[in-house]
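Working notes for the structure below.
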Amino acid sequence: MSECAALVAKYGTMEAALMEFVKYCKAEGMADADEIEASVASILVSTQQKEEHGGLRPMEVTVTPGAQRAFDKFMAEAKPLETEASEEADIPIGKACVRKGCSTKYVGPESLKTLCVHHPGHAVFHETYKYWSCCDRNKKYDFDEFMAITGCREGPETCAFDETSAGIPKRAPCRHDFFQVGSTVTLNIYAKKVDPSKSTFLISDTQLRVSIIFDLGKEFALNLNLSGSVDPTQCKVEIKEPKIEITLKKGGEGAVQGAAWEVIGTPIEE
């Protein structure tokens, strides 16, 4: 058994083993104990983020000043979406709440005041497991069992029976292309008025998951098995005014040989 495995066996988890190692370094008065502690903290944060996102980690995101100014100006001038009052909407009896995990069905106006029991997170399909990022300890193998998992949070939202009142973005297409130079692959996604605070960019060595919120409530989603392996720590995102530029640094055998990708990747079925 390796020393690392022995420590995990002794203290129960990798996190506990690393924290004990930090205590040991400090107790021994090692000169670089503070640097070791900072490195361990970084490892633990990265591990937690990857667990929350099914093995993927958030990418480094930069927003150019021009893109930020354009978005701020758009939001300042945008008019609130005009929606009918839910009480006046023609909601069919028996329609289910549109939020994930909520089983409430519409029986009349009183349903609009019912606190929604739902999953505020997103679905994660990692290896053979299926679970919600907001309650990742409840993992399932079977898809039907996964879909039957009851929501983990009650409220503060009330039940909603259409996407607009629930604040769910509408899926919309975006033109995108890519090019590669040596071991670098650049993916361009053409979207304007991007909301950086609501968009997500996740990466692993073989997968890319993108959710871009733009144009006041539209969403472009792209989930790919990449055509080759990459180094997630060297991948980054830059949100510009006319487009989003995602830079992927190849890793592994494909990078050494300079193998060209014919396509950026293959879509992951949701």
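The values are calculated or read from the model by the stated rules, or taken from the named source; none is laboratory data. From a predicted model like this one, the values you see are computed outputs, not experimental measurements. With ideal geometry, Cβ positions are generated from the backbone for all residues, glycine too; neighbour counts draw on all protein chains shown. Ligands, DNA and RNA are stripped out before the accessible areas are found, and what is left, the full protein with its side chains, is counted by its heavy atoms. Shrake-Rupley method; radii C 1.70, N 1.55, O 1.52, S 1.80 Å.
Values for this structure:
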quantity: Packing-based order for 111-120, 205-214, using average beta carbon neighbours within 10 Å, highest first; calculated: 205-214, 111-120
quantity: Å² of accessible area per residue within the range 181-253, as computed with a 1.4 Å probe and no ligands counted; calculated: 40 Å²
quantity: Cross-link partners of Lys95 among lysines (Cα-Cα below 20 Å; sequence separation of 8 or more within a chain); calculated: Lys105, Lys113, Lys170
quantity: Accessible area per residue, Å², the range 115-168 with all protein chains present, probe 1.4 Å; calculated: 59 Å²
quantity: Carbon/sulfur fraction of accessible area - the range 138-270, other protein chains in place, 1.4 Å, %; calculated: 50 percent
quantity: Interchain or long-range residues, amide H under 5 Å from Arg57's placed H; calculated: Ile203, Ser204
quantity: Contact order normalised by residue count of the range 155-253, Cα under 8 Å, 6+ apart, percent; calculated: 27 percent
quantity: Listed peptides 133-142, 92-101 by packing density, highest first (mean Cβ within 10 Å); calculated: 92-101, 133-142
